[in-house]
1. What does the charge add up to near GLY32, with Lys and Arg as +1, Asp and Glu as -1, over the other residues with Cβ less than 9 Å from its Cβ?
2. Please list the three semi-axes, largest first and in whole Å, of the ellipsoid equivalent to the stretch 57-134, using sqrt of 5 times the eigenvalues of its alpha carbon gyration tensor.
3. Classify the stretch 163-258: rounded, prolate or oblate, from the alpha-carbon gyration tensor (a ≥ b ≥ c, eigenvalue square roots; a/c under 1.5 rounded; otherwise prolate if a/b is larger than b/c)?
4. DSSP loop GluC sites (Glu not before Pro) in the stretch 18-85 with at most 16 other Cβ atoms within 10 Å of their Cβ, which ones?
5. Just tell me, in residue order, which DSSP H segments of the chain are both 15 angstrom or longer along the helix axis (alpha-carbon based) and at least 0.0 in mean Kyte-Doolittle hydropathy.
6. In nm, to one decimal, how far is the modelled label at GLU46 from the one at ALA285, with both set 7 Å along Cα→Cβ?
7. Would you mind working out the accessible area per residue for the chain, using a 1.4 Å probe, and quoting it in Å²?
8. Measuring from a point 7 Å past the Cα of ALA212 along Cα-to-C-beta, which residues in the stretch 112-156 have an amide N at less than 13 Å?
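The values are calculated or read from the model by the stated rules, or taken from the named source; none is laboratory data. Small disclaimer: the values here were computed from a predicted structure and weren't measured. Cβ sites come from the backbone with ideal geometry, for glycine too, and all protein chains shown count toward neighbours. What goes into the accessible areas is simple: the full protein's heavy atoms, side chains included, and nothing from ligands, DNA or RNA. Shrake-Rupley method; radii C 1.70, N 1.55, O 1.52, S 1.80 Å.
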Amino acid sequence: MQDQHGRMIEYMRVSVTDRCNLRCVYCMPENGITSVPHNEILTFDEISRICRIGVSLGISRIKLTGGEPLVRKDLPELVGMIRRIQGIEQVSLTTNGILLKDNINKLVSNGMDSVNVSIDTLDEQSYFETTRGGGLAEALEGIEAALKFPELAVKINCVPLEGQSQEEWVRLAGLARDRKIDVRFIEMMPIGFGKQYAGAGQEKVLKTLKNAFGEPEQYSGRLGNGPAVYVQFPGFRGRTGFISAVSHQFCSTCNRVRLTSTGILKPCLQYGGGADLRKLIREGAEDSEIRKNMEKTIYGKPAAHHFDGKISAAEEENFETKDMSQIGG
Ligand code: SAM
Ligand code: SF4
């Protein structure tokens, strides 16, 4: 369906948990968050029901995220449940990759169409430090396991940090040279702990990569579900993408809403509030009532985020105060 600004909303990011097996410095506090009790998290049946109602409003693509979605028990079952809903055309997953190798067979056989693995560095020590304890080898094994399925789209997401060695970006982007994989650089957004870190912007990363790989071929439009713009370096199998919410705001073409693990349908990452679908479901609401609430939230999607900080006090009051892992990144 279209929102009040005429944007077609067809994509829902669904957070399945606020828990994680890593503690990335810009996403989670060192000792973790106080996890939401299990009974406050949507069940698989509740998530599937919301997706099914979403289809009647024009949602056709679902991304499962978190927290770390693969720490949720039996996550591949949920992939299958959603993929079987008539009208759902794509189910994808965003993961840190640590548990991917163990789950990939079931995920793919249950219909997962694409997977994004988040890796910010290929240096073992830096990875350990950024994730506060993660093992790079496990994440890389997850990627290689995913690449064994030719029908699966595999992407790498990296949040480049200011001050990080630029050689790191070159190494990461270089993964797309011999592999059918897209490597995307995501600008740090001032959400939660991300406010404390300066991310490196698109222009800087692209300049570094051009110096290393030469002049890339440009793609004029966007590819895939989202706001990434892509280039392809000479001789590369995969593409290099940029998701630059700060330096190249893309709100005018935003096509997504978010469902938190506790059942709040959020129209925009930066804004708090949204529709409490869990409450409705657990109070016994009919599909029609849930649909009405989803429709109202989608229609009322704000025009844009205000990551530039140019905001009034009244606007700021409406802003999200949760961390990325709690919202669902
Ligand atoms: N645990 C999974 C993972 O790491 O892919 C899924 C959830 S994680 C919150 C999703 C993505 O959000 C990751 O790629 C992570 O790097 C990114 N992220 C977290 N905080 C961010 C921030 N403040 N700005 C931009 N991206 C952020
Ligand atoms: Fe966990 Fe993903 Fe956040 Fe890292 S970015 S702490 S892996 S939820």
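1. It works out to a net charge of +1.
2. 27, 13, 10
3. oblate
4. Hits after loop and neighbour filter: GLU30.
5. Within the chain the helices that satisfy the rule are 44-55, 136-147.
6. 1.2
7. Ligands and nucleic acids excluded, the figure is 44 Å² per residue.
8. 120-123
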